[in-house]
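Input: a single structure, listed below in structure tokens.
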Amino acid sequence: ALFGTRITIESGAHRDRLVQLGTAPDRIVPVSCHGLAAAIEKDAGSADVAHLVDQCSSLATVATVSMPHAGPLFAGLCCTHYGYVADRFRASLERASGRAVRILDPAGVLVRLIVRESAAGASRSAITVDVISKVTLDERTRTGIGRLVAPMSPPTARALEAYTHVPDLF
């Protein structure tokens, strides 16, 4: 099952790549989790997030019922926000499907790749963080995201609070 925002799922990019790598198309279940990223931004621990995760898990489970399943259900998190609720996805999918679930979250691999490539030879103190957004980020959103990223990167949480809004960024 591939979980992503409506735009990500509609693009078909993740599904197409899996097919190119040899996965049978009828084994891939794309699930649009419209509104989940915004709900996570506001409060990852909220009842709204739990409801949306359960709703998406239910859609995936219904779509996989007819598939043969000799092993775990793989859940690809195709939105960076979803990693913050990966445990909720796992628990919800296991309840709904009665199967073991393996979460596939590419965020960790992406971070290691970026750090390795961009910080090669740079001292740790040379790295700075600035948040620049085309989208207006209200205080509740900045605080919600800040709580999520602060344990991993306090500089990112601070930069988020002092972000720069550039409406015509691109």
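The values are calculated or read from the model by the stated rules, or taken from the named source; none is laboratory data. Just so it is clear, the structure is predicted and the values come from calculations on it, not from any experiment. Here Cβ is always computed from backbone atoms with ideal geometry, including for glycine, and neighbour counts include all displayed protein chains. Please note that ligands, DNA and RNA were not included when accessible areas were found on the heavy atoms of the full protein model with its side chains. Shrake-Rupley method; radii C 1.70, N 1.55, O 1.52, S 1.80 Å.
Show me the helices of the chain, taken as full DSSP H stretches, that run 18 Å or more along their long axis by Cα and average -1.0 or above in Kyte-Doolittle hydropathy. Provide the component values of the computation, followed by the final result.
Details: long enough: 47-64 (25 Å, 0.73).
Helix filter hits for the chain: 47-64.
Of the residues 156, 49, 72, the one whose Cα sits farthest toward the positive end of the charge dipole of the chain, with +1 on the Cβ of Lys and Arg and -1 on the Cβ of Asp and Glu, is 72. Over all projection directions, the Cα-based convex hull of the chain averages an area of 11.6 nm².
Of the solvent-accessible surface of the chain, computed with a 1.4 Å probe over protein heavy atoms with every protein chain present, carbon and sulfur atoms account for 58 percent. When shorter helices are ignored and each DSSP H run of at least 4 residues is given -39500 (n - 2.57), the per-residue value for the chain at 222 nm works out to -14500 deg cm²/dmol.
Here's how it looks for residue 73: its modeled amide H is under 5 Å from those of 100, 101, 102, which are all 5 or more places away or on a different chain.
In the chain, Cα pairs under 8 Å separated by at least six residues give a relative contact order of 21 percent. Relative to its Kirkwood radius, the Cα radius of gyration of segment 1-62 gives an Rg/Rh of 1.04. For the chain, the solvent-accessible area with a 1.4 angstrom probe is 62 square angstrom per residue.
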